[in-house]
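Working notes for the structure below.
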Amino acid sequence: LPAAQKQPLIKRYGASKVAEMKFYEVFRLFEDSRGDIWIAVLNEKLLRWERAANLWHDYTQQAGLSPVRLISAFAEDRAGNIWIGTGSDDTRETNEGLLLRYRNSQFQRFTHAEGSPTGWIRDLFLDSRGRLWVASTNDGVRRIDDTSADVLNFTSYSPANGLSSNSTASITEDEFGRMYIGTWRGIDRLTPDTGQVENFTSADGLPGSFVEASYRDRNNNLWFVTDNGVARFVPEP
């Protein structure tokens, strides 16, 4: 660090301690229902700060993460299980969007053989019915209805089901139970009960085609972050 930035650290830890410290780039943060903070460090570690006891836990080895696999998404289900999505572009890794579940202080790994998608897992979303939705860069969207099952059952959505692209990046839900899937080609609105899919693009007012993030606010407005600006959408019945 530049000398000016080191001064506050030196005052707090001392010069010898600062010389030993390694500085990490934090890639993702997530707060669970217990108030604990999960921290994904770029190409390095998976950490959890246990708020009540003020303890740090390093889960890197327990989760079986390699140095070239990145944690890209977090979610928590109704049972308090923590879900972690990953991805890697490194040729030393398989092109699998490895999905992890932290339950009863243990990690369970779900690979493509168990139904997890290939490519990057870009987003994890728990809907109003308690189902977990998984957005991936290669295999569209997967849905898990029973998130506490020992063996997971994945429901797949792809262009064969009406999606505009297999490359998906974000998911949210409106107050009427319809799912909004951000893709590289706009937004796909899915009605799970019927399977109906409607596609929204720049022709409908989106400022860009790549919908990287999707969010529902407390007033039930939907917000979509694209590669060319932000859009707000107010759903109707």
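The values are calculated or read from the model by the stated rules, or taken from the named source; none is laboratory data. Everything quoted here is computed from the prediction, not taken from an experiment. Neighbour counts run over all protein chains shown; Cβ positions are idealised from the backbone, glycine included. Calculation scope for accessible area: heavy atoms of the full protein, side chains included, ligands and nucleic acids excluded. Shrake-Rupley method; radii C 1.70, N 1.55, O 1.52, S 1.80 Å.
Quick one: accessible area per residue over segment 105-237, 1.4 Å probe, rounded to a whole number of Å²?
Accessible area per residue, segment 105-237: 47 Å².
Leaving out ligands, DNA and RNA, what percent of the accessible area of the chain is carbon and sulfur, probe 1.4 Å?
47 percent
For segment 114-165, state which trypsin sites (Lys or Arg not before Pro) are in a DSSP loop and have at most 12 other beta carbons lying within 10 Å of their beta carbon.
ARG129
When N counts the residues of segment 134-181, how does its alpha-carbon radius of gyration compare numerically with 2.2 N^0.38 Å, as a ratio?
That ratio works out to 1.20.
Please identify every one of the chymotrypsin sites (Phe, Trp or Tyr not before Pro) in segment 139-237 that sits in a loop by DSSP and has no more than 11 other beta carbons within 10 Å of its own beta carbon.
Within segment 139-237, the qualifying chymotrypsin sites (Phe, Trp or Tyr not before Pro) (loop, at most 11 other Cβ atoms within 10 Å) are PHE176.
Amide H neighbours of ILE171 under 5 Å, counting only residues 5+ apart in sequence or on other chains, H built in-plane at 1.01 Å?
GLY182, SER214
So if I restrict to the alpha-carbon atoms in the chain, what is the Rg, and what is Dmax, the biggest pairwise distance, in Å?
Values for the chain (Cα only, Rg and Dmax): 19.6, 64 Å.
Of all the Cα-Cα pairs you can form in segment 142-237, what percent are over 23 Å apart?
Counting every Cα pair in segment 142-237, those more than 23 Å apart make up 24 percent.
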